[in-house]
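Reading through the structure tokens given below for one structure.
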Amino acid sequence: MSDLRTGALGETGQPWRTLDPRTLAVHCTWMGAPLGSLALAALATGGRLGTRAWITLAVIGAVFAAVTTAGVITWRRTRYRVTADAIELRTGLFTRSVRAIPLHRVRNVDITANLAQRLLGLAVLRAGTGGGGRGGVLSLDCLARPEAVRLRAELLARAGAARAEDPVLATADLRRLRYAPLTFWVVGGVFAAAGAVWRVLDGIGIEPWRIGIVRRAFEDFGNSALWLTIPLGLLAVTVLGTVGAVALYAENWWNYRLEWTDAATLRVRHGMFTTRSVSIERARLRGVALREPLLLRAGGGASVRAVAGGLGSKEENRRRSVVLPPASRGEAQSVCDGVLGEPFAPAELTAHPRAALRRRVVRAFAWCVLPPAAVLAVLGALLTPVLLYCAAGWLVLAAPVAYGLARDAYRGLGHGFRGRFLFVRSGTFGRETVALDRSAVLAWTFTDTPFSRRAGLVTATAAVAAGEDGYRIRDMPAADAAGFADAATPGLLTEFLDYGEQPPPIPGFVRSS
């Protein structure tokens with residue numbers, strides 16, 4: 001037997017290695033939240049802890065002993081090694097298991113580290129094959145940071161790599177901070193944080209509304225002129241949300257760097273307290289999505305996601321596929337160019353028929369304008385005429401806004417193809433322009449409703465084994481849908497179509513040979 005750090009030599013001659021012993025210290029960081037809650041309780045009660053708090057403290061002590069014992073056992077029984085053909089992980093006490101991923105199937109190797117791990121010089125290495133499910137991912141938690149970096153380079157090199165000629169696509173830029181407030185979380189984040197604090201205090205037996213500062217704030221708000229307190233309240237929420245959004249943006253995208261580490265691997269690295277490093281294999285890259293939410297678009301900004309497979313579940317894919325945070329639109333388009341390897345130019349998209357505009361106007365009024373007005377009108381007829389004036393005021397204010405948003409959503413519709421990419425654009429609150437590799441489209445789905453059939457429209461969905469799995473061309477002309485899909489992906493629908501001697505022309509496009 002060799003020492004604990006290397007373990008015994010296996011049949012391949014490669015030593016089994018253990019995780020870093022400092023992993024045990026990381027496992028203890030979970031106590032921060034409950035101990036912090038108890039500290040808040042002591043502060044709120046002037047140091048007089050109740051029975052519930054003492055019971056909580058006793059439970060924390062018991063759980064700490066159990067978790068620490070389990071952590072020691074897990075650490076001692078976990079081994080890993082890299083052989084000539086695979087990376088292997090062996091773990092378990094009563095039920096032993098050995099998992100292995102062949103090196104030629106490794107598609108991405110990510111390194112992450114939260115604040116505690118960074119302070120201890122540790123990192124988590126995650127190697128994946130690109131397939132879904134737990135079996136396609138092998139995670140080593142935790143390794144010394146230099147060892148994790150060395151192991152990642154070894155795995156990528158063993159999987160096959162060559163250096164890229166011009167690897168760096170984008171780096172950190174403090175000027176991007178001005179785009180941080182142009183998101184929903186400027187307002188939503190404040191209420192989310194307040195709700196979390198409220199739940200924590202309520203969970204440890206403190207009634208938040210009985211705390212002096214909270215009670216006085218509500219009393220002052222109710223006793224003051226609402227025409228003054230409501231704008232001041234909204235201003236306070238906006239200021240707090242802006243500060244929070246900038247802080248979160250800085251923490252998440254500190255030390256950002258997007259680069260081709262080799263000719264086959266795109267890597268994005270970022271993070272201040274928790275560092276994240278995500279690698280995307282070029283063979284799994286199916287395109288890019290240029291995202292322009294309403295506020296960010298108004299400020300001339302955009303963000304970019306990679307349309308790629310092998311990044312985990314749909315939720316993990318959305319989180320890990322971001323290759324550029326909110327930045328200027330010009331920079332976002334430049335990053336799209338670098339990721340695709342050719343110019344990202346969706347300006348030549350085909351507009352959709354006016355029937356698509358009518359559908360959006362009708363839906364905006366039917367779902368957002370008329371229901372509140374109807375409710376206020378009914379209540380006004382039953383209770384007080386004041387609500388009738390409120391209903392009229394709502395119609396006057398909401399109708400132009402709804403119509404403007406509907407027109408913006410219509411202007412955002414577009415589809416087309418150029419070179420090897422299919423372009424799809426839609427949305428107003430979350431407008432997105434997607435460039436998909438036409439060879440990656442696996443199937444087409446055409447859907448309609450009685451209302452869309454009456455308008456002569458259909459929604460075509462291009463199925464792709466990456467990103468959102470399917471990208472929809474909303475409300476395109478039904479007469480052109482099948483022909484466009486066949487022109488964009490030659491051969492995929494040919495057996496289902498009957499053109500006669502000559503396929504119908506697609507306006508604005510040249511059929512591929």
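A short reminder: the numbers here are calculations on the coordinates, not readings from a lab. What you are looking at is a predicted structure, and each value in this text was computed from that prediction instead of being measured. Virtual Cβ from ideal backbone geometry, glycine too; neighbours counted across all protein chains shown.
Label sites at THR274 and ALA345, each approximated as a point 7 angstrom past Cα along Cα to Cβ, lie 4.1 nm apart.
For ALA86, enumerate residues with amide H under 5 Å from its amide H, sequence gap 5+ or separate chain, H modeled in the peptide plane. Here the answer is LEU103, since their amide H atoms fall under 5 Å of that of ALA86.
Relative contact order for segment 242-327: what is it in percent, counting Cα pairs under 8 Å that are at least 6 residues apart?
Values: 130 pairs, mean separation 17.7, N = 86.
Here the relative contact order equals 21 percent.
With θ taken as phi - 60° and the Karplus curve 6.51 cos²θ - 1.76 cosθ + 1.60 applied, the whole-hertz 3J(HN,Hα) list for segment 365-370 is 6, 5, 9, 10, 9, 6 Hz, x standing for glycine and proline.
Model label points for ASP337 and PHE446, set 7 angstrom from Cα along the Cα-to-Cβ axis, are 3.8 nm apart.
Relative contact order for segment 338-483: what is it in percent, counting Cα pairs under 8 Å that are at least 6 residues apart?
20 percent
Between amide H atoms placed 1.01 Å from N, distances below 5 Å from VAL458 occur with ASP475, MET476, ALA478, all of them 5 or more places distant or on a separate chain. Within segment 355-379, whose backbone N sits under 16 Å from a point 7 Å along Cα→Cβ of LEU397? The answer is 368-377. For segment 91-131, the alpha carbon positions stretch 32, 31, 14 Å along the principal axes, listed from largest to smallest. The stretch between ALA172 and VAL239, if pulled fully straight at 0.36 nm per residue, gains 21.6 nm over its current Cα-Cα span. Here the extension length gained between ARG411 and LEU295 equals 40.1 nm, from 0.36 nm per residue of separation less the Cα-Cα distance.
Using the Cβ-Cβ distance between SER97 and ARG358 with R0 set to 51 Å, the FRET efficiency works out to roughly 0.30. What you get for segment 295-395, charging only the Cβ of Lys and Arg (+1) and of Asp and Glu (-1), is a dipole of about 360 debye around the Cα centre. Each 10 Å bin from 0 upward holds the following percent of the Cα-Cα pairs of segment 310-361: 19, 27, 32, 22. Label-to-label distance, ALA65 versus ARG257, with points set 7 angstrom from Cα along the beta-carbon direction: 4.7 nm. Mean separation of Cα pairs under 8 Å and 6 or more residues apart, divided by the residue count, gives segment 301-413 a relative contact order of 22 percent. Around the Cα centre of segment 218-372, unit charges on the Cβ atoms of Lys, Arg, Asp and Glu (plus for the first two, minus for the last two) sum to a dipole of about 700 debye.
On average, how much area does the Cα convex hull of segment 442-495 cover when viewed from any direction, in nm²? Walk me through the intermediate numbers first.
Numbers: hull surface 15.3 nm².
For the Cα atoms of segment 442-495, the hull's average projected area reads 3.8 nm².
When Rg and the Kirkwood Rh are both derived from Cα coordinates, the Rg/Rh ratio for segment 331-459 amounts to 1.15.
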